[in-house]
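Step one of this worksheet: look at the structure below.
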Amino acid sequence: MEGSSSPNTSRQPSRKREGSVESQGRSRVRVNSKPVKKARRVAQWNTKDYTVHDTDNDMLLIISNDSEVQRKARTRKPWAKKSNHKSNKKHSPNGTKLSPVGTRAAGSDVDCSEGRRKLMNSERVVKEEDLDRWGQQLPVEVLVHIFHYVVSSNGAVPFLCRMARVCRLWNGAAENGKLWRRVTISHCWVNPAKKLQPPVQRKIQNTLNWLTDNRFSQLQEFSICHWSNLVSYTMKVITKSCPQLVSLRLTNCNGVTSDVFESLAMHSRKLESLNLQHSVVDVAAVVGFLETAGSNLKQLCVTYNSRLHNIFNAIVAGYCTELRLLEVNTEIKQTNPYFQFCIEMLQAGCPKLQVLRLLNLTWFPKACTMIVSPEVGFSELEELCLATSSFSLVTDEVLVKLLHLSSRLRTLDLRGCYRITSAGLQLLPCQDLVRLFLGLYCSTTTLLLAKQGSEQMALKWKHSLEELDLTGQCYKEKDLELAMGILAGPEGNYVLRSLNLAGTKVTLDAIRVVVSSSPALSYLNLTSCRCLPRGLKRIYRGRDEISQFVNCLLSGGGGQQLAGDRRPQGKCVK
């Protein structure tokens, strides 16, 4: 009996141990299956490592708030967490978990699924860390190249200032001197309607001093817009610390004193472009600057006022012989008298002028008291803009006097110059005009306009015209049909890209001819064309809209039903 009982006694402890292992497995399953701990673990691993801030111009700024504790929490392996049942877990040589000996099949399945889940979570955490660190692993040269695209379109401020706060790598890329060559400081720094308090002034001054010492070593183009305070201080700091300054723009600024131009003449020897439009400046100081450093200027932009004559006298006197661009505009509410200057003296004072813009300015030529050689003229002029929306005194005689030597002219903007006729345009020496703007954007009911001559312009420049604007002109239907036929040509027109016929008497047949023969046409304006069916009188932008318009015209659907169907897709209804 003792021999038979010995096996039984040896089995009983094994059952107890087996039962204890089963109980341990069940307890472990219960612990791991708690939803509270799962939720905590997932929330800890998926914590956001960034913060979104609203900025100017409807932009969102994403700032990393990654701390050392969060990085450790993410990099910690899920299976490295402490457990009370570590002694009961066994692993195979390849690293997978094995179920305890003698456990039930359900318990082993739960353990295997738990291990697979943890492995999948660990792989996901590694992938998330790789995605988070992509910006920190880029070479500095690549970041500088990416920043350059943004700076070229939006400017260095405030973009680079914000990027420098992301991390050390981005800070090093943002401080590259090549990215700070063009800087614009606008009214976002200060409120032009309020007077700055001393603490705010000191803060702005300290910021400017830091920028000039740490960022503006290669500054070439600097702009200040809508400033009423600290303009003189800012310009003194910039001119003394930035010897490479080439372009300066002061627009809508007050308090531009004579100290600014004295500092420019003394320190900015390489200055080539000066823009003072809509700014309150000291005219005497501007004249003094032109007399001292005007020989280096290549671009000058000013706004007309009653004292502009002194600046113009300095220009025609020969102080700006290297000038390439001259732009004079006027304020919206013009109450000044007509502007008058001598064309021949301007041609003699600026022989290298390439762009002349007299925008919305009522002017007329002044009789020249000096004998000027007939060879004096704008021989290098490429663009002439005399556009106005109020009143014009420019005639064919004045236009020919301006352009009698301008054979290189490519752009001619005569919008609002209703006294210009096609006969006067035929006398111009330019044979390869690219852009011609003759639109009338004022009331024409009391004006005597030419009713013929559009076919002569088309015949002269049909081979080179890319943009044509005839808005509001009173050419007859037959005259416009001839002009459109000449532009289309027997073999098509592959040059014409923009055609504005708003408010004219162009017919549907003329439109069909020119549009179907111009595959490069991307803009067509037919608004207020009285001879077109209702619905067709609109603007067509892009090749898709124009191609659909051409297909409908060629298919014979040129009535109101065709014009009324403006859907981007679909066939025209006959």
Here are some conditions: (1) open to solvent by 20 Å² or more (accessible area, probe 1.4 Å); (2) not in a helix (DSSP H, G or I). A317 meets all but one. Which one does it not meet?
(2)
Members of segment 155-181 that are part of a loop (DSSP other than H, G, I, E, B) and not basic (K, R)
G155, A156, V157, P158, A164, V166, C167, E175, N176
Run S454 past the list (1) polar (S, T, N, Q); (2) touching a residue at least 40 places away in the same chain (Cβ under 8 Å); (3) within 16 Å of I420 (Cα to Cα) and report the number of the one that doesn't hold.
(2)
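Only one of these is in contact with a Leu (Cβ under 7 Å, 6 or more places away or on another chain), part of a loop (DSSP other than H, G, I, E, B), farther than 20 Å from G155 by Cα and among the polar types (S, T, N, Q): N254, N229. Name it.
Selected residue: N229, the only one of N254, N229 that is in contact with a Leu (Cβ under 7 Å, 6 or more places away or on another chain), part of a loop (DSSP other than H, G, I, E, B), farther than 20 Å from G155 by Cα and among the polar types (S, T, N, Q).
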Among the residues listed as E467, E477, E481, E491, the single one being in contact with a strand residue (DSSP E or B) (Cβ under 9 Å, 6 or more places away or on another chain) and open to solvent by 50 Å² or more (accessible area, probe 1.4 Å):
E467
Flag if L353 is crowded, with 19+ Cβ neighbours inside 10 Å and over 22 Å from Q277 (Cα atoms)
no
Filtered residue count, segment 213-248, keeping only those that are more than 14 Å from R181 (Cβ to Cβ) and within 27 Å of the chain's Cα centre (by Cα):
9
Report yes if E380 is within 19 Å of R415 (Cα to Cα), acidic (D, E) and either exposed (fewer than 15 other Cβ atoms within 10 Å of the Cβ) or out of contact with any strand residue (DSSP E or B) (no Cβ under 7 Å at 6 or more places or on another chain) (or both), otherwise no.
no
Check L412, L438, L399 and return the single one that is crowded, with 21+ Cβ neighbours inside 10 Å, in contact with a Leu (Cβ under 8 Å, 6 or more places away or on another chain) and either closer than 20 Å to L323 by Cα or acidic (D, E) (or both).
L412
Against the condition farther than 24 Å from L248 by Cβ, surrounded by 16 or more Cβ atoms within 10 Å (Cβ to Cβ) and at pLDDT below 90, how does L143 come out, does it pass?
yes
Cross-chain or 6+ apart pairs with Cβ under 7 Å, segment 533-549 first and over 16 Å from A510 (Cα atoms) and hydroxyl-bearing (S, T, Y), then open to solvent by less than 50 Å² (accessible area, probe 1.4 Å) and not in a loop (DSSP other than H, G, I, E, B):
Y540/L524; Y540/I546; Y540/F549
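Out of all the residues in segment 504-531, which are in a loop (DSSP other than H, G, I, E, B) and either of a type in the set (A, V, I, L, M, F, W, C) or in contact with a Cys (Cβ under 7 Å, 6 or more places away or on another chain) (or both)?
T504, K505, V506, T507, A520, L521, L526, C529, C531
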Do we find a residue being within 23 Å of R182 (Cβ to Cβ) and under 33 Å from the mean Cα position of the chain (by Cα) anywhere in segment 306-314?
no
For segment 408-463, what are the residues that are small (G, A, S), in a helix (DSSP H, G or I) and under 23 Å from S518 (Cα atoms)?
S454, A458
Would you confirm whether any residue within segment 190-204 is part of a strand (DSSP E or B) and out of contact with any Cys (no Cβ under 9 Å at 6 or more places or on another chain)?
no
So E327 passes all but one of these: (1) open to solvent by 20 Å² or more (accessible area, probe 1.4 Å); (2) under 20 Å from R307 (Cα atoms); (3) touching a Pro at 6+ places or on another chain (Cβ under 9 Å). Which condition number does it fail?
(3)
Hey, among D111, D130, D213, which residue is open to solvent by 50 Å² or more (accessible area, probe 1.4 Å) and modelled with pLDDT under 70?
D130
Evaluate the following for V376: is it over 37 Å from the mean Cα position of the chain (by Cα), closer than 16 Å to L323 by Cα and outside any helix (DSSP H, G or I)?
yes
So which residues in segment 261-291 are β-branched (V, I, T) and at pLDDT 90 or above, if there are any at all?
V286, V287
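Determine whether R534 is part of a loop (DSSP other than H, G, I, E, B), modelled with pLDDT of 50 or more, open to solvent by 40 Å² or more (accessible area, probe 1.4 Å) and of a type in the set (K, R).
The answer is yes for R534.
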Note on segment 292-314: residues in a helix (DSSP H, G or I) and more than 16 Å from V260 (Cβ to Cβ) are S295, N296, L308, H309, N310, F312, N313, A314
If the requirement is being open to solvent by 40 Å² or more (accessible area, probe 1.4 Å), modelled with pLDDT under 90 and of a type in the set (S, T, Y), which of these qualifies: S228, S232?
S228
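The values are calculated or read from the model by the stated rules, or taken from the named source; none is laboratory data. Note that the structure is predicted; figures quoted are calculated from it, not measured. Methodologically, a virtual Cβ is constructed for each residue, glycine included, from the backbone with ideal geometry; neighbour enumeration extends over all protein chains shown. In case anyone asks, the SASA skips ligands and DNA or RNA and just uses the protein heavy atoms, side chains included. Shrake-Rupley method; radii C 1.70, N 1.55, O 1.52, S 1.80 Å.
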